[in-house]
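FYI, it's all coordinate maths here, none of it is from the lab. The shown structure was predicted, so the numbers you read here are calculated from the model rather than taken from an experiment.
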C-alpha cells in the first residue's frame, strides 16, 4: 500500500503515461515519409512498407547492440542504412532524423496529464524517467520538471535499477523516498520495485496484473485518481 508520507520526490514515465505514443509515432513516420519522397525518392519507396522498417530496425538493433538503450542512435542508423541501400545520399540521414525527431515531439497529452502535473509539481520535485527520446522542453512540459533522465543519458534502460538510482540522485533523495509513476508493468513497476521505490501503475486500459505476488503500491486508471490519493488540492 502506498505511503504518501514517505514520498519526497516523484519520477514519471512519459510515453503512454502522459500521452499515447502510437499516434505520436504514426505522425512522425508520416512526416518523415513525406520528406523522403521529396529528398530521397528511392529510399521513400522502400521506407513506406512497415515490414521494411521492421527489418531495418531488427538489423540495426543486432549490429548496434551496445546502443540498444539509445533510440535516437538506432533511428539514425536505420535511416542511414535505408539511404545507402536505396542508392541515395547517406548524408541526408541527419536532416531526415531531425524531421522525424521534431515531429516526435508533437504529442497530445491525455486530458488528465497537464492538470495532474501542475498539482504534483506544486508539492514534489518531478523527474522524468523514460526509455524514449522525448525532449520535455520541445514537448512543452519542461517547466513542470526539475530534470529529465533518459536511457540514452543513463547508458542503461528501464527496468535496470541503475537508471532509477540515477533519477533518485538527480532528484536529491534516497530511492525509498521516490514514488515512480508509469504505465508499463515490467519496465516501470517491477523496475522501480527492484530499485527500492514506491510505485504507481497507471493502468488506463484496465489490464490484469500478472506479476503476483509482487504488486504496485497503487494502481490508478488516470493521474487525477493519483492526485486524490495523495491529497493534492485541485
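Quick notes on this one:
- Using alpha-carbon coordinates, inclination of helix 113-123 to the longest axis of the chain, degrees: 50
- For the chain, the relative contact order is 25 percent, taking Cα pairs closer than 8 Å that sit 6 or more residues apart in sequence and dividing their mean separation by the residue count.
- Highest-MSF residue in the chain out of 213, 95, 125 [GNM, Cα springs under 10 Å]: 213
- Rounded if a/c under 1.5, otherwise prolate or oblate - the chain, Cα gyration tensor axes: prolate
- Nearest-ten-degree value, helix 93-104 long axis tilted from longest Cα axis of the chain: 40
- Extension gain for the segment residue 86 to residue 98, taken as residue separation times 0.36 nm less the Cα-Cα distance, is 2.3 nm to one decimal.
- With the helix formula -39500 (n - 2.57) applied to DSSP H stretches of n ≥ 4, the chain reaches a computed 222 nm mean residue ellipticity of -13500 deg cm²/dmol.
- Cα gyration tensor shape for segment 10-78, rounded if a/c is under 1.5, else prolate or oblate: oblate
- Three-way shape call for segment 152-234 based on the alpha-carbon gyration tensor, with the a/c threshold at 1.5: oblate
- Choice from 208, 135, 13 with maximal GNM fluctuation in the chain (Cα, 10 Å cutoff): 208
- Summary value for segment 106-234: 21 percent relative contact order, contacts being C-alpha pairs under 8 angstrom separated by 6+ residues.
- Residues considered: 36, 141, 74. Largest GNM mean-square fluctuation over the chain, using C-alpha springs under 10 Å, is found at 141.
- Helix 161-171 axis versus longest C-alpha principal axis of the chain: approximately 70°, rounded to the nearest ten.
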